[in-house]
Each structure stands twice: as structure tokens, then as C-alpha cells.
1. Give me the pairs, please: first residue somewhere in the range 133-155 and farther than 19 Å from Gln206 by Cα, second residue anywhere and among the charged types (D, E, K, R) and open to solvent by 40 Å² or more (accessible area, probe 1.4 Å), beta-carbon distance under 7 Å, and either six or more positions apart or on two chains.
2. Just to be sure, is Asp34 open to solvent by 30 Å² or more (accessible area, probe 1.4 Å) and within 18 Å of the chain's Cα centre (by Cα)?
3. Please state which one of Ile64, Ile96 is within 24 Å of Leu192 (Cβ to Cβ), aliphatic (A, V, I, L, M) and open to solvent by less than 30 Å² (accessible area, probe 1.4 Å).
4. In the range 157-172, what residues are open to solvent by 30 Å² or more (accessible area, probe 1.4 Å) and without any contact (Cβ under 8 Å) to a residue 24 or more places away in the chain?
5. Quick check on my filter: what residues within the range 192-202 are β-branched (Val, Ile, Thr) and not in a helix (DSSP H, G or I)?
6. Select the helices (runs of 4 or more DSSP H) contained entirely in the range 1-77, then report the ones holding at least 1 residues which are modelled with pLDDT of 90 or more and in contact with an Asp or Glu (Cβ under 6 Å, 6 or more places away or on another chain).
7. Just checking, does the range 203-213 include any residue being of a type outside the set (Gly, Ala, Ser), under 25 Å from Leu70 (Cα atoms), open to solvent by 70 Å² or more (accessible area, probe 1.4 Å) and assigned to a helix (DSSP H, G or I)?
8. Need the failing condition index for Glu177 against (1) more than 23 Å from Glu30 (Cβ to Cβ); (2) assigned to a helix (DSSP H, G or I); (3) not hydroxyl-bearing (Ser, Thr, Tyr), just the number.
Amino acid sequence: MQTTASTYKSERQVERRVKILRTARRLVSEVGYDGLTMRGLATAAEVSPKTLYNLFGSKDELLIAALDDLMLELAQSIQNSENVEGFDYLFLRQEIHSEEILRSPRYAALMTRALFQAKPNNRLVHRLLATPIKEFLVHLTFEKKKGKLIDGLDIEHVSRQLALQDWCVLLLWNKGEISLEEIPLEKKRALLMILVGITKGSCSRQYQEQLMILS
């Protein structure tokens, strides 16, 4: 049974859950999926194996919960900046996600490999691809209503391209084509290239100028 944060009533229980999930992310980064055991995680998180199984049911459920917890943390970091929508949201999201990758590169590498190996309809695909695509669509719709996008643009297609470029940058890093430190710059460059192609007027010129500075 997968347990959500709302199930926890006391501060101690919330802190325990956070510790378990953060420990899970750290351990799976170090030993890989096959090397991670519920018993080993229980020891590292200072809880009993029975507690882990009562809370999450299985290793897969626990790792999905750990990923969801991280995604929620990143989303809350973005939301803490008031009134950030549209393109500003996309840039802020990119910045926060890049900071997390630099902070936890082994976990980012693990998720990159897992995503590219995952089969269609896998829950990991939903978390790391389908959910961001919907997120991007919301903010592109916001800018479309403001008249900043070129006429006749298929924003659903653009949303998929935004998700694709995010993971293409990580794939380049995973394959040794760029360094870890280059990821934020490459992600920003990729986003600007897309925005230059889909915006019009002064907005497009602004992003062109920013792109030239990075080149």
C-alpha cells in the first residue's frame, strides 16, 4: 500500500517519511536498483523492515514515492516564487531542476538510465514525461492567450519537444558528451532555441539576443 504525506498526523511521522524517502534516493544512487534492499534501506533510515513494508508495500512503491516526493519538493520551490507563469515559469523550472541535478548527480544519472530503459505505460514514464508535458502545455497556453506565440502553432507538439530537450541534455551528459557542469547552460540554450522558433515580434528578438550571448 502506497502512503501519501496526508496520512501522517504528527511532525515525527512526517520527518520519518522524509528521512526514509531521502535515504532511498541516496542509496539507490549508490548501489543501483538491484543492489537496494528493503532491509538495507531500513537499517540506513533507522526504521524496521516491517515499517517500510507497512508504509509502502514494496521496493517499487517506495522508489516511486521517493521520486514523487522529490518532484513535489521541486514544484514547491517553483511555486514559492509568486506569480511566475508562462515563459518565466519555464526558465525558473529549468534553473531549479538544474540545481537539483548538480546537487544529486548520481540520482539524476540513475533516473535518466531508468527512463530510457522503461517500457511504454511504465509509471516512471508517466512521472518523468507525461506529467511535465501537461505542465508545459499549461504555461504555453498562458503565453498563447497573451499573443506571444506564432499563429497556427501546435502547442501540444511544442510541449512534447520541451520534455524531449530536457532529457536529451541529460542523455548527452550520461553518454559523456558534456560535463555535469555544462548541464545548466545546455538546458538554457535548448530552451531558448525552442522559444526563438515559436515566439514572434519583440519576444522572439529578446530570446535571440539571449541565445547569441550564450553561443
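1. These pairs meet every condition: Ile133/Arg160; Leu137/Glu156; Ile155/Lys144.
2. No.
3. Working: Ile64 fails: within 24 Å of Leu192 (Cβ to Cβ).
Within the list Ile64, Ile96, the selection yields Ile96.
4. Start the filter on the range 157-172 by keeping residues that are open to solvent by 30 Å² or more (accessible area, probe 1.4 Å), which leaves 157, 160-161, 164, 167-168, 171-172.
Matches in the range 157-172: His157, Leu164, Cys168, Leu172.
5. Thr199
6. Values: elements: 11-35, 38-45, 49-56.
Here the list reads 11-35.
7. We begin by selecting, within the range 203-213, every residue of a type outside the set (Gly, Ala, Ser); these are 203, 205-213.
Of the ones still in play, those that are also under 25 Å from Leu70 (Cα atoms) are none.
No: zero hits.
8. For Glu177, the failing item is (2).
The values are calculated or read from the model by the stated rules, or taken from the named source; none is laboratory data. Being a predicted model, the structure only gives us computed values, none of them experimental. Cβ: placed from backbone, ideal geometry, glycine included. Neighbour counts: every protein chain shown. Please note that ligands, DNA and RNA were not included when accessible areas were found on the heavy atoms of the full protein model with its side chains. Shrake-Rupley method; radii C 1.70, N 1.55, O 1.52, S 1.80 Å.
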